[in-house]
């Protein structure tokens, strides 16, 4: 036992781990924050119940001073609640979920201000002869609101309750937003933990001249890096296990595919980002530059790799590039294992590519590594 | 094998960084058990010279022998033989003093027995369980010195080991070094800003400025050079300024 505890690799791993677990902020950002994010986003985008649309209502009625004269107005007056120039109306549908509509009757100027402030997404211009809709067609929420109001205006509130029998709500596992989100968060956790935990630690220790001091001893350089990777990997396992445990208990997330495939991919993802982290931290001794380099690596991937929303909304020509980003490969493969029942044979290519990326980056990083 | 005359033998060493010539052809020697002080103001080239002896920097020209061996082919043996403390090294904040020492001891395959011995030597036994970031400046310097002597080095290379310390803390470090000399016949190369450190501790003093050696010898020898009464006076005469400028 003494031989093990006196070994430099053991001591280096113990030192790196002690530094991680003794820093409360590290534990918060590594463990608590991803769980909070999963909880917040999972609740926000999965919760059923009423959907609320808010609109401005501007009257352009010649010779009239009351809203009751138009078709939309007559539906609102008959089925809604009017209070201080605000009209509320509830459209009910058991399968689709209820929709709450609120119209703020106001002037053009005020309506535009509300639009700019994000309080409303649509301006309904109620005219004597017809109704006009003013909104940004690129805004999905505004578009849905427009479709609802134009139907309401044409057919009355009954339209929302029609054809219920043709709707079959999906209750399959793996189709909820949270099922999309959790594998993405697990993938992002690997990237963030490696890039900050390995790269920043190396840069910080270089700037404090600790690397220089350590290599002036018989310490094996490879042991130092290996220990850093092993310590970080242990933390990543704990972080991922806790996030999954939370998702399983709170959202009922399950793994429909193969556990060995998931473990292999988790390992490959860690190898990929450990290698990349060693490469990007191989030279600089300035923590501020290091900060910039790490952000330049992680931010674009966080945005385009489809962690929170599908990357298929990006232009078609970018998709093949995005699909081969390490974070995308991990997230997509995790999703196929979690939600589509994928096995090892479905993800071995990704696991191989990720392992190769990590190994090549590690070798190049080690070649150009500045210890002093 | 006949014992070598010098444990450190630096021959005509030069080193430049971009357009700055930090060391311009310096030669010096240290005998076993000898304490040598390298005095000079900031930017004199002291640290570069010491780092070349430590194997951290490589000379552009010239040769360095430590117990007759060069860094190029004897890295492992030389690492075992030397102990060093760099200027402004910061150990891991969240490790205790004991864990820090155990970590470095493991690089030399040393166990907890030697770590305990060193804590006694540096008088930091009561602070074993303190985190490094809770140690005072003097305690950190003693810890750095403890790490440097873990492997019972034949030669100690200390770069400004007492800079920023109060006189008491400085004296504590000096006493530890004198004990090492007495008990283990350790050689020492020390860079310093402090004249009294060189006078109190060292057998020989070398004065360096702008990458060259201006004077070297025992305190008496170098004072005799121009009939000076103190190192301060000699230094101003040689360089035209105070050592701390």
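The values are calculated or read from the model by the stated rules, or taken from the named source; none is laboratory data. Keep in mind the model is a prediction, meaning the values are calculated, not measured. All Cβ positions, even for glycine, are placed from backbone atoms using ideal geometry, and neighbour counts span all protein chains on display.
Just wondering, is there one or more residues in the range B:133-146 that are at pLDDT below 90, under 18 Å from residue A:219 (Cα atoms), within 11 Å of chain A (Cβ to nearest Cβ) and touching a strand residue (DSSP E or B) at 6+ places or on another chain (Cβ under 8 Å)?
No - not one qualifying residue is present in the range B:133-146.
Just need a number here: residues in the range B:147-168 that are part of a helix (DSSP H, G or I) and either in contact with a strand residue (DSSP E or B) (Cβ under 8 Å, 6 or more places away or on another chain) or crowded, with 17+ Cβ neighbours inside 10 Å (or both). Full working, then the answer.
Of the residues in the range B:147-168, the ones part of a helix (DSSP H, G or I) are B:147-149, B:167-168.
Filter again for either in contact with a strand residue (DSSP E or B) (Cβ under 8 Å, 6 or more places away or on another chain) or crowded, with 17+ Cβ neighbours inside 10 Å (or both), leaving B:147-149.
The total comes to 3.
Can you tell me how many residues in the range A:111-161 are outside any helix (DSSP H, G or I) and closer than 26 Å to residue A:45 by Cα? Walk me through it before giving the result.
Step one: list which residues in the range A:111-161 are outside any helix (DSSP H, G or I), which gives A:117-139, A:156.
From what is left, the residues that are closer than 26 Å to residue A:45 by Cα are A:117-123, A:135-139.
Count: 12.
For the range A:26-37, state whether one or more residues are in a helix (DSSP H, G or I), out of contact with any strand residue (DSSP E or B) (no Cβ under 9 Å at 6 or more places or on another chain), farther than 14 Å from residue A:235 by Cβ and touching a residue at least 12 places away in the same chain (Cβ under 8 Å). It would help to see each step written out before you state the result.
Pass one, the range A:26-37, residues in a helix (DSSP H, G or I): A:26-37.
Cutting the leftovers down to out of contact with any strand residue (DSSP E or B) (no Cβ under 9 Å at 6 or more places or on another chain) gives us A:26-37.
If we keep only those that are farther than 14 Å from residue A:235 by Cβ as well, we get A:35-37.
Retained after the next criterion (residues that are touching a residue at least 12 places away in the same chain (Cβ under 8 Å)): A:35, A:37.
Checked the range A:26-37: at least one residue is in a helix (DSSP H, G or I), out of contact with any strand residue (DSSP E or B) (no Cβ under 9 Å at 6 or more places or on another chain), farther than 14 Å from residue A:235 by Cβ and touching a residue at least 12 places away in the same chain (Cβ under 8 Å).
Conditions: (1) crowded, with 19+ Cβ neighbours inside 10 Å; (2) within 14 Å of chain A (Cβ to nearest Cβ); (3) more than 30 Å from residue B:207 (Cα to Cα). Residue B:113 meets all but one. Number of the miss?
(1)
Return yes or no: is residue A:55 touching a residue at least 60 places away in the same chain (Cβ under 8 Å), outside any helix (DSSP H, G or I) and closer than 25 Å to residue A:169 by Cβ? So that I can check it myself, show each step before the final result.
Numbers: touching a residue at least 60 places away in the same chain (Cβ under 8 Å): yes; outside any helix (DSSP H, G or I): yes; closer than 25 Å to residue A:169 by Cβ: no.
No: the conditions fail for residue A:55.
Would you confirm whether or not the range A:312-333 contains a residue that is closer than 25 Å to residue A:262 by Cα, at pLDDT below 90 and exposed (fewer than 14 other Cβ atoms within 10 Å of the Cβ)?
The first filter runs over the range A:312-333 and keeps only residues closer than 25 Å to residue A:262 by Cα, leaving A:312, A:319-333.
So of that shortlist, the ones also at pLDDT below 90 come out as A:312.
Those left that are additionally exposed (fewer than 14 other Cβ atoms within 10 Å of the Cβ): A:312.
Yes, the range A:312-333 contains a residue that is closer than 25 Å to residue A:262 by Cα, at pLDDT below 90 and exposed (fewer than 14 other Cβ atoms within 10 Å of the Cβ).
Please list, ordered by residue number, the helices (runs of 4 or more DSSP H) wholly in the range A:184-279 having 3 or more residues that are buried (at least 22 other Cβ atoms within 10 Å of the Cβ) and either within 14 Å of chain B (Cβ to nearest Cβ) or touching a residue at least 12 places away in the same chain (Cβ under 8 Å) (or both).
Working: elements: A:201-207, A:210-214, A:221-251.
By residue number, A:201-207, A:221-251.
Of all residues in the range B:90-108 being part of a loop (DSSP other than H, G, I, E, B) and facing another protein chain (nearest Cβ under 7 Å), which is farthest from residue A:12 (Cα to Cα)?
Filtering the range B:90-108 for residues that are part of a loop (DSSP other than H, G, I, E, B) and facing another protein chain (nearest Cβ under 7 Å), the one farthest from residue A:12 (Cα to Cα) comes out as B:90.
Within the range B:55-74, is even one residue at the interface with chain A (Cβ under 9 Å from one of its Cβ atoms), modelled with pLDDT of 90 or more and not in a loop (DSSP other than H, G, I, E, B)?
Looking for residues that are at the interface with chain A (Cβ under 9 Å from one of its Cβ atoms), modelled with pLDDT of 90 or more and not in a loop (DSSP other than H, G, I, E, B), one finds none in the range B:55-74, hence no.
Answer with yes or no whether residue A:299 is free of Cβ contacts under 8 Å to residues at least 12 places away in the same chain and within 19 Å of the chain's Cα centre (by Cα).
On the way: free of Cβ contacts under 8 Å to residues at least 12 places away in the same chain: yes; within 19 Å of the chain's Cα centre (by Cα): yes.
Answer is yes for this residue.
Here are A:91, A:27: which of them is within 14 Å of chain B (Cβ to nearest Cβ) and either farther than 20 Å from residue A:122 by Cβ or at pLDDT 80 or above (or both)? Show your work before the answer.
Values: A:91 fails: within 14 Å of chain B (Cβ to nearest Cβ).
Only one candidate qualifies: A:27.
Taking the range B:75-88, which residues are surrounded by fewer than 21 Cβ atoms within 10 Å (Cβ to Cβ), on the phi < 0 side of the Ramachandran plot and either in a loop (DSSP other than H, G, I, E, B) or more than 12 Å from chain A (Cβ to nearest Cβ) (or both)?
Answer for the range B:75-88, where residues must be surrounded by fewer than 21 Cβ atoms within 10 Å (Cβ to Cβ), on the phi < 0 side of the Ramachandran plot and either in a loop (DSSP other than H, G, I, E, B) or more than 12 Å from chain A (Cβ to nearest Cβ) (or both): just B:87.
Looking for whichever is more than 14 Å from chain B (Cβ to nearest Cβ) and free of Cβ contacts under 8 Å to residues at least 40 places away in the same chain here; the options are A:155, A:160, A:177. Which one fits? Spell out the reasoning first.
Values: A:160 fails: free of Cβ contacts under 8 Å to residues at least 40 places away in the same chain; A:177 fails: free of Cβ contacts under 8 Å to residues at least 40 places away in the same chain.
After ruling out the rest, the residue left standing is A:155.
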